[in-house]
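Following: one structure in structure tokens, then a few remarks.
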Amino acid sequence: MSQLRFVTAGESHGAALTAILDGMPAGLRISRAEIDAQLARRQKGYGRGGRMKIETDHVEVLSGLRFGETLGSPITLQVVNRDFANWTERMNPFGAPTGEPVTAVRPGHADLTGVLKYDRHDARDILERSSARETTMRVAVGAICRQLLAAVGVTIVSHVTEIGGMRIDRAAVRDADIGVTNSDDLNVCDSVAAEQMKARIDEAKAAGDTLGGVFEIVVRGLPIGLGSHTQWDARLDGKIAGAVMSIQAIKGVEIGAGFVCAHLPGIAIHDEIYMGVDGRPYRATNRAGGLEGGMTNGEPLVVRAAMKPIPTLMTPLKTVDLATGAEVLASKERSDTCAVPAASVVGEAMVSFVLADAICTQFHADSMTDLRSSIAAYHARLESVWGRA
């Protein structure tokens, strides 16, 4: 059973976005500046739309913290939507309906399916919640989780590897550079590829089109054995894949070599194990991406995600108008040309949550003091194994 859980609430143009994070051990020092820094990273990115010029996301903590430390009780986080001032009548919880309903549902969005499922007549009732604006609170929750990870020696970074078919030279990017040399506007470590990506984004924007891409997350310092092989829902790779796939517009997730594994023989994929001079086994390669049998194996965790182009287009696609049944062009909402850099930040947040939960679940403790003691005892037991070898 997981120790951590969270839920989010709020609409894209509603008064505020809210999250409740439950299960965090007491005694974890929390920096609000670090949460706001992650929220700011999510808002950056070459190709972002006009909404980011309106909002400057800032977290308010309504419960669960006192004097900068977690209390062990549920943590309530809130980010106010500044743009709500322009939408007060249209998003009023109790007022009379105003403005034109959205009936020209957008292909690739939740609009049509959501309207049918929830028996609504205005697609705004669906698109306001299905919007990726919801990920603001995932990033806020993830920012707390990454502070817990840092407290036990775990670091998480990401970088964008592809946008619109323009790829970085991954062989030229040192693992040590990821999270260090990344550009602020694209989260890319390859300056040549970054310029090519910007050119593609400019072309797409001029054409009223959108672009997707791929980002990679790397986590270092994880203890061996997080997760389990004993039950399907305890396998850490499944939890990570599910969490990343839940991000809006993500259509594929791979760990380590991923889909390449389907094209090569086993001898070229599996990581051989050697005995080091210090008496500890090690792997010379990491094609498994840090996970074997549903458990962390001590190597860096490597997760990749593919994001589709955002389906809100300034050159709209064909659809039907639910009010008339006529074939029309889809409605247009303010949107981004490319949000892959922002998605990489959300990906970090979701992986941070899954890993923080895995650590809290395995080394269950209600306080950071006991959590650190439990982790230290586990590491001591592993050290004794090498001592007996």
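The values are calculated or read from the model by the stated rules, or taken from the named source; none is laboratory data. What you see is a predicted model; the values in this text were computed from it and never measured. Glycine gets a Cβ as well: all are built from the backbone with ideal geometry, and neighbour counts include every protein chain shown. For accessibility, only protein heavy atoms count, side chains too; no ligands or nucleic acids. Shrake-Rupley method; radii C 1.70, N 1.55, O 1.52, S 1.80 Å.
Leaving out ligands, DNA and RNA, what percent of the accessible area of the chain is carbon and sulfur, probe 1.4 Å?
Numbers: 10510 of 18860 Å².
Carbon and sulfur: 56 percent of the exposed surface of the chain.
Could you rank Arg42, Arg200, Arg29 by how accessible they are, 1.4 Å probe, largest area first?
Values: Arg42 10, Arg200 65, Arg29 140 Å².
From most accessible down to least: Arg29, Arg200, Arg42.
Mind listing the phi-derived Karplus ³J(HN,Hα) values for region 117-131, rounded to whole Hz, using 6.51, -1.76 and 1.60 with θ = phi - 60°, and x for any glycine or proline?
For region 117-131, the Karplus-derived couplings read 5, 9, 6, 10, 10, 10, 5, 4, 4, 9, 5, 5, 8, 6, 4 Hz, x marking Gly and Pro.
Give me the percent relative contact order of the chain, please, defined on Cα pairs under 8 angstrom at least 6 residues apart. Don't skip to the answer; put the middle values down first.
Details: 775 pairs, mean separation 90.6, N = 389.
The normalised contact order for the chain reaches 23 percent.
Which value in Å does the Kirkwood hydrodynamic radius of region 203-290 take, with 1/r averaged over all unlike C-alpha pairs and then inverted? Write down the numbers at each step before the final one.
Details: mean 1/r = 0.0616 Å⁻¹.
Computed over Cα pairs of region 203-290, the Kirkwood hydrodynamic radius comes out at 16.2 Å.
What does the convex hull of the alpha-carbon atoms of the chain project to on average, in nm²?
Values: hull surface 87.1 nm².
For the Cα atoms of the chain, the hull's average projected area reads 21.8 nm².
As a test of the definition: which semi-axes, in Å, follow for region 147-298 when you take the square root of five times each eigenvalue of its alpha carbon gyration tensor? Largest first, please.
Working: eigenvalues 191, 67, 57 Å².
The equivalent ellipsoid of region 147-298 has semi-axes of 31, 18, 17 Å.
Using Cα pairs closer than 8 Å and at least 6 residues apart in sequence, work out the relative contact order for region 263-368, in percent.
Values: 76 pairs, mean separation 13.5, N = 106.
With pairs under 8 Å counted, the relative contact order is 13 percent.
Can you work out the Karplus-derived ³J(HN,Hα) for every residue in region 373-385? Use 6.51 cos²θ - 1.76 cosθ + 1.60 with θ = phi - 60°, whole Hz, and x for glycine or proline.
5, 5, 5, 4, 5, 5, 5, 5, 5, 5, 4, 5, 5
Using a 1.4 Å probe, what is the accessible area per residue for the chain, in Å²?
Details: 18860 Å² over 389 residues.
Computed with neighbouring chains in place, this is 48 Å² per residue.
Out of Pro107, Pro265, Pro97, any idea which swings most in a Gaussian network model of the chain, alpha carbons joined below 10 Å?
Residue with maximal mean-square fluctuation among Pro107, Pro265, Pro97: Pro265.
Once the dipole of the chain is set up with Lys and Arg at +1 and Asp and Glu at -1 on Cβ about the Cα centre, which of Tyr378, Val351, Ser331 lies farthest towards its positive end?
Tyr378
For the chain, what proportion of DSSP beta bridges, expressed in % and rounded to the nearest 5, is antiparallel? Before the final figure, lay out each step's value.
On the way: 50 of 52 bridges.
Taking every DSSP beta bridge within the chain, about 95 percent pair in antiparallel fashion.
Of the peptides 227-237, 344-354, how do they stack up when ordered by the mean number of other Cβ atoms within 10 Å, highest first? Walk me through the numbers before you get to the answer.
Details: 227-237: 15.5, 344-354: 26.9.
The packing order, highest mean first, is 344-354, 227-237.
Three principal axis extents, largest first, for the C-alpha atoms of region 17-57, in Å?
So the three principal-axis extents are 39, 18, 14 Å.
Could you let me know the centre-to-centre spacing of region 359-382 and region 158-218, using Cα atoms, in angstrom?
The distance from the Cα centre of region 359-382 to that of region 158-218 comes to 38 Å.
For region 246-313 and region 48-92, compute the distance between their C-alpha centroids and round to whole Å.
After rounding, the separation between the Cα centres reads 35 Å.
For helix 340-362, report the angle its Cα long axis makes with the longest principal axis of the Cα atoms of the chain; keep it between 0 and 90° and round to the nearest 10°.
Compared with the principal axis, the helix lies near 50 degrees.
Out of Gly153, Gly164, Gly95, any idea which swings most in a Gaussian network model of the chain, alpha carbons joined below 10 Å?
Maximum fluctuation in the GNM of the chain, among the listed residues, is at Gly95.
If you project the alpha carbons of region 266-359 onto their three principal axes, what span does each projection cover, largest first, in Å?
Principal extents (Cα only, largest first): 73, 32, 22 Å.
Using a Gaussian network model of the chain with C-alpha springs under 10 Å, which one of Gly114, Gly290, Gly279 is most mobile by mean-square fluctuation?
With Cα springs under 10 Å in the chain, the top fluctuation among Gly114, Gly290, Gly279 is at Gly279.
Over all distinct alpha-carbon pairs, what is the Kirkwood Rh of region 127-168 in angstrom?
Working: mean 1/r = 0.0775 Å⁻¹.
Averaging 1/r across every pair of different Cα atoms and inverting gives 12.9 Å.
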